[in-house]
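Step one of this worksheet: look at the structure below.
Every number here is computed from the coordinates shown, using simple stated rules; none is lab data. A quick note: this is a predicted structure, and the numbers were derived from the prediction, not measured. When we count neighbours, we look across all protein chains shown, and the Cβ atoms used for this are built from the backbone with ideal geometry, even at glycine.
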Amino acid sequence: DAEGLLRIKEENQKHYRRAQRHQEKKEKIQRHNHKLGDLVEKKTSDLKTQYEHLANLRRTHILELTSVIFPMEEVKTSMRDPADVSSEGDNAMTSSTVSKLAEARRTTYLSGRWVCDDHNGDTSISITGPWITLPNNGDYSAYYNWVEEKKTTQGPDMEHNNPAHTISAALCYATQLVNTLSLILDVNLPKKLCNRQVNAKFLRSEFCGENLSRHRFMRAVKKLNANILHLCFSQHVNLDLLHPLHTLRNLMYLVSPDTENLGR
């Protein structure tokens, strides 16, 4: 029994020495992990600083792009509310009739359904200049109506101020701006729209060149609107401000200096 007790004591001492070595190794690993944690924290802080610097650079480039090359602003029209005009001609008009006229003016028949126009349809959004505008309510029917009329009308087109030309040019510029923004923000667009440089002078866009049928035109507009909304979502633009049909207005909200997360 004494010999067995001695063997057990020797084994216990071996286990104790081994436990001490394991404890030292454990403390060494903990110190190493602590150093790595401090390093990771420092690297994370540096990365966050670099992200903020990159976001500020992107923001600066975007604001310069939209102020110098692609300026956008709201253009007021001189339209008067029909309710006001009618009430001037008829003093006996009831308030219900006035309200119904105002409500009718706030709705637009677009693509087979009635769409509420929050801005009363009396504004347009211009891009690159006040002469190139898009209707604020997203009603681009003037384009494909003009295309249908051109199919039945012979002779050269001399209408330089045709709204269809304005719509086509504005959508072409909007497509170019969206593609440039996707490169600056490093965001892949969900829809592909043709907008490439053919040579030193000409830019090939899906909206410029040949007249598009109503189906092709509406499909291209939907692609453009989807890309704009995708960019707005990536930059955390307030969803309450966005409307799926308001092409240039959504772009204005995206590149506005008030957009806090622009460049993220």
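Each of THR152 and LEU63 was given a label point 7 Å from its Cα along the Cα-to-Cβ line. The distance between the two points is 5.2 nm.
So how much slack lies between ALA2 and LYS48, counting 0.36 nm per residue of separation and subtracting their Cα-Cα distance, in nm? Intermediate results must be reported in sequence, preceding the final value.
Details: separation 46, 0.36 × 46 = 16.56 nm, distance 6.76 nm.
Fully extending the segment from ALA2 to LYS48 adds 9.8 nm.
Partner lysines whose Cα lies under 30 Å from the Cα of LYS192, excluding those fewer than 8 positions away in the same chain, are identified as LYS150, LYS151, LYS201, LYS222, LYS223. Summing charges over all other residues whose Cβ lies under 10 Å from the Cβ of THR175, with Lys and Arg as +1 and Asp and Glu as -1, gives 0.
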